[in-house]
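Here's the structure, in structure tokens; my notes come after.
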Amino acid sequence: MSAMSGMSGMEHVQGPFPWADRVDYSQAVVANGLVFVSGQYAAGQNGEVVSEDFATQARMAFENLGLVLKRAGASFDTLVQVRSFLLREQDFAAYQAIRREFLHRPFPATLAVCCGFSYPGMLIEIEAVALVTTAPGPRA
């Protein structure tokens, strides 16, 4: 689902997730040729975290990021910046290895920090900025 903002040229994009319309934020906002993707995590069909395993969560967070990027007309290849938030420092090496499954040289500008989450069970969340290079996909 999309909605045009009062500001010209800004489009709000929801991901292809059954729970997307129940949250009070846009999965992404497209403005001036860029897509700003909200934090993606290992959300299952009901919006709940799908696993307690870090690697499973990290892969699903990247997969969800890819779905939102595609819906907004972007891709992993057009990423400008990626910001990742990890709950535990000991997961950093696994994060780096999994990240390389989805991102390749030249890498986007990157930030990875350890922090706490208010959502129960989350071990990782990823947000991104990318160039829009194709017409945005279906919104509903």
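For Val132, the residues whose amide H sits under 5 Å from its own are Leu34, Val35, ignoring neighbours fewer than 5 places away on the same chain, with H placed 1.01 Å from N. When the chain is treated as a GNM with alpha-carbon contacts under 10 Å, the residue of Pro108, Pro120, Pro18 showing the greatest mean-square fluctuation is Pro120.
Of the residues Glu52, Glu127, Glu63, the one that moves most in a GNM of the chain with alpha-carbon contacts below 10 Å is Glu52.
Extension gain for the segment Leu111 to Glu89, taken as residue separation times 0.36 nm less the Cα-Cα distance, is 6.5 nm to one decimal.
Spin-label pair Glu63-His104: with each label point 7 Å from Cα along the Cα-Cβ axis, the two points sit 2.0 nm from one another.
Every number here is computed from the coordinates shown, using simple stated rules; none is lab data. If you're wondering where the values come from, they're calculated on a predicted model, not measured in any experiment. Cβ coordinates were reconstructed from backbone atoms using ideal geometry, including for glycine residues, and neighbour counts include every protein chain displayed.
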